[in-house]
Amino acid sequence: DGTEAGELRVSGLTVRFAGLTALDGVGFTVAPGSVHAIIGPNGAGKSTCFNVLSGVYRASEGSVRFGGAELTALPPHRIAALGVARTFQNIALSRHLSVEDNLMLGRHRLTRAGFASAGLRMPWARGEDARHRARVRDIAAFVGVGEHLAAPVGPLSYGVRKRVELARALAMEPRLLLLDEPVAGMNGAERRRMAEVIRRARADLGLSVLLVEHDMGMVMRLADEVTVLDFGRRIAGGAPAAVQRDPAVIRAYLGA
Ligand code: ADP
Ligand code: MG
């Protein structure tokens, strides 16, 4: 199909709910190792797009190509096994489990699928488990939550929990990260910290990142390319500085 490793190519993506077209023929490409932001007013279809890419919603029409595969017919665990990991707009961690166990859970799901397809039966042999725990510790350190590894997630601060969620996605060893509003609800210091982790996920790990974000400063700093949705349609796209000046984008945000 011609998609390179780490490249995501969305074309003609349409999602209809009863009486409502949430996405209407949307297309964009995430280049390998780039940060691509999807922006748009509330209800524009951003989360719907993520839900289709991760297999939670089914597309009515269109195609999503990643790593030589068509994702639109696949269930979430198959998409994850192909190297697409996501975070949620609202945190989805097990609050009573430790940071380490949350990361191991994310990893376990992936490994089971990996081993099953390799025809092996015992993924949790002791040496394997130690190797996974070591990797999980490295990832926790990478996002700056290493000192919280043994702590239950529930009482941790919001900013730390958001980075734990990103760590859980990274624990699946993805090629593409889907981040839905990664800095929503964060204060300035937490935002800068999260932005730095995302920047390094791309620079140090070579990941492709697709991000839905309301914080325009963050989008301008982080994104190589921006796609703008409004009422389910792609109304603009391109480099952040050009998109910011686009009259169609200004109109959409002013509601004119
Ligand atoms: P955004 O994330 O850009 O704010 P959404 O993708 O959440 O927008 O929603 C786009 C539109 O689709 C909204 O009108 C929303 O109400 C509708 N929508 C989203 N999910 C569903 C669903 N599961 N069933 C029906 N309508 C939905
Ligand atoms: Mg949303």
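FYI, it's all coordinate maths here, none of it is from the lab. None of the values given here were measured: they were computed from a predicted structure. Please note: Cβ atoms are built from the backbone with ideal geometry, for glycine as well, and neighbour counts cover all protein chains shown.
For this structure, a couple of remarks:
- R0 of 41 Å, Cβ-Cβ distance Asp224-Arg95: FRET efficiency to nearest 0.05: 0.75
- log₁₀ of I(q)/I(0) at q = 0.21 Å⁻¹ - region 50-94, Debye sum with one point per alpha carbon: -0.67
- Take every pair of alpha-carbon atoms less than 8 Å apart whose residues are at least six positions apart; their mean separation over the length of the chain yields a relative contact order of 27 percent.
- Between Ala18 and Leu254, the simple label model (points 7 Å from Cα in the Cβ direction) yields a spacing of 3.9 nm.
- Under 9 Å, Cβ to Cβ, from Glu100 - net charge with Lys/Arg +1 and Asp/Glu -1: +1
- For the chain, projected area of the alpha-carbon convex hull averaged over all directions, nm²: 14.4
- Estimated distance in nm for a label pair at Ala151 and Ser63, the labels positioned 7 Å out from Cα along Cα-to-Cβ: 4.8
- Förster radius 30 Å - calculated FRET efficiency between Ala5 and Arg192, Cβ distance, rounded to 0.05: 0.50
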